[in-house]
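So the structure is just underneath, and the comments pick up after that.
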Amino acid sequence: MRWLLILLLTLTTSWETFAQFRERRPQNVVLILSDDHRYDFMSFMDQAPDFLETPGMDRMAREGAHLRNAFVTTSLCSPSRASILTGQYAHRHGVVDNTTPVPPDVRFFPQDLQAAGYRTAFIGKWHMGEADDHPRPGFDYWVSFRGQGVYYNPTLNVNGLRVRREGYITDLLTDYAIEWLRERAADGAPFFLYLSHKAVHAEFEPAERYAGRYAGVAIPYPPTMANTESNYRNKPHWVQAQRKSWHGVDYAYHGQFDFDTFYRRYAETLLALDESISRVLDFLEQSGLAENTLVIYMSDNGFLLGEHGLIDKRNAYEESIRIPMLAWAPGYIAPGAKIDALVRNIDIAPTILELTGVSTTILMDGRSFLGLLTDPQANEEDREFLYEYYWEYAFPHTPTTFALRGDRFKYIFYHGIWDIQELYDLELDPLEQHNLIFVPAYQSLVQQMRNRLFDLLEEADAMRVPVRRGSWQAGERKLD
């Protein structure tokens, strides 16, 4: 009888603990965004290079949740950033490349938080309308810079006033963020902080304290990097052609780096970014804000490091569209949670709005995944999503690309070129080595996914392929 009582008490305690997690909903949000950080470059992951060190990200995964299947709907800086702020696909919000400014009728969800009484801050890389760094609607506090910015000694726009700062950009942005959080700890107002880093965007420049940290380490080349017939069998022609271009392993950034140096500098540049995460978490704990704050870490897109002979992003391959995503909220998210459901960058805005209880008039394509943070095994509806990338005059190496990515299969369609389409079974072929597009047994699936793709494009009024004026190309870059 005693053992039954103990079992009942244990079950009751477990349920009460779970219920408490669900009831302790934070009111504050810190969204930390990185640039070009691939999904598996976190040292707690089995796929990460053995030498990589990311204690800050490891801590977030250990004390919070790792969303293991997070994706972007456009793998490019500006369109993805606009999708995060609107919950919309690129064809809806209209920021389809890195030079297109934000259309005047586009609304961002921080405007709704601000209207509901939240203090809001944007600190870092904006990059939507790359020549313009002025403060944007929805933010009480603003620190940004033009375009890609620089890693060292940047000129920053601080609330409309340009100031030159000495130091490393990742450290400087983190300093501004922590000072702003210090003010929120003092006034007790609910807040939303968007800390948007330049790192780890090329051309990579690590902080001085980390430069050379990985000099001499062996680089783990991906299996699909080898220039072999089998790796390019039934691959689109543009993929092999891109190998010796700006975005290929044999001529990366016009030969500015050999691949091993390129890889090492990428990993070294990541280190200050990880340190920034640790600094933010430490301050939240020390100031007493941690128990009432949700921190989300993610990247604006993925990044290839040799897969299929490519570097960069833009295309629809897994390393390009998958991103790291971590969530940390002591007392709300159970430590060590692993969430396998597919989530997308367009789901961030509705998730934050549901958490804060703030409504919006924005017509969003995304759906909240808030329930997954407290119940990782919750049944989720299929989140098969549209991937879209529109050809850029400046970087003509990658064609306009549409894709459907579901839990198991991915179908890729290229617009405007005479080339091979692609279908992958991601469960059996996670490296996307075997294109099934010509296999007779899969023709029905190919047709179904193609129909769903174009039905979705038609329903969303996305059949108008944007064409943008171009004035320069990467190929015109001087070699000296």
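The values are calculated or read from the model by the stated rules, or taken from the named source; none is laboratory data. Computed from a prediction, not measured in an experiment: that's the story for all the values here. Heads up, the Cβs are rebuilt from the backbone with ideal geometry, glycines too, and the neighbour counts pull from every protein chain shown. With ligands, DNA and RNA removed, areas are computed over all heavy atoms of the protein, side chains included. Shrake-Rupley method; radii C 1.70, N 1.55, O 1.52, S 1.80 Å.
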(request) Scan (1) of a type in the set (A, V, I, L, M, F, W, C); (2) modelled with pLDDT of 95 or more; (3) over 19 Å from Y176 (Cα atoms); (4) open to solvent by less than 10 Å² (accessible area, probe 1.4 Å) for the single condition A252 breaks and write down its number. (result) (2)
(request) Answer with yes or no whether V200 is closer than 30 Å to F108 by Cα, among the aliphatic types (A, V, I, L, M), modelled with pLDDT of 95 or more and assigned to a loop (DSSP other than H, G, I, E, B). (result) yes
(message) Going through N153, N69 one at a time, which residue ends up being more than 21 Å from the chain's Cα centre (by Cα) and open to solvent by 10 Å² or more (accessible area, probe 1.4 Å)?
(response) N153
(message) All but one of (1) more than 17 Å from H127 (Cα to Cα); (2) among the hydrophobic types (A, V, I, L, M, F, W, C); (3) assigned to a loop (DSSP other than H, G, I, E, B); (4) touching a residue at least 12 places away in the same chain (Cβ under 8 Å) hold for M57; state the number of the condition that does not hold.
(response) (3)
(message) Just the residues that are surrounded by fewer than 17 Cβ atoms within 10 Å (Cβ to Cβ) and either over 29 Å from A189 (Cβ atoms) or of a type in the set (S, T, Y) (or both), please, taken from the range 122-146.
(response) A131
(message) Give me the residue from the range 414-473 that is at pLDDT 95 or above and among the hydroxyl-bearing types (S, T, Y) and, out of that set, surrounded by the fewest Cβ atoms within 10 Å (Cβ to Cβ).
(response) S444
(message) Which numbered condition in (1) under 25 Å from L294 (Cα atoms); (2) modelled with pLDDT of 95 or more is the only one that Y168 fails?
(response) (1)
(request) Provide a single number: the residues in the range 361-379 that are surrounded by 17 or more Cβ atoms within 10 Å (Cβ to Cβ) and in contact (Cβ under 8 Å) with a residue 24 or more places away in the chain. (result) 9
(message) So if I check each of N227, N234, which one is modelled with pLDDT of 95 or more, in contact with a Phe, Trp or Tyr (Cβ under 9 Å, 6 or more places away or on another chain), open to solvent by 40 Å² or more (accessible area, probe 1.4 Å) and in a loop (DSSP other than H, G, I, E, B)?
(response) N234
(request) Restricting attention to strands (runs of 3 or more DSSP E) lying wholly within the range 296-409, give those where 3 or more residues are farther than 18 Å from R92 by Cα. (result) 325-328, 337-339
(message) Anything in the range 203-217 that is open to solvent by less than 10 Å² (accessible area, probe 1.4 Å) and either of a type in the set (G, A, S) or touching a strand residue (DSSP E or B) at 6+ places or on another chain (Cβ under 9 Å) (or both)? List them, or say none.
(response) A207
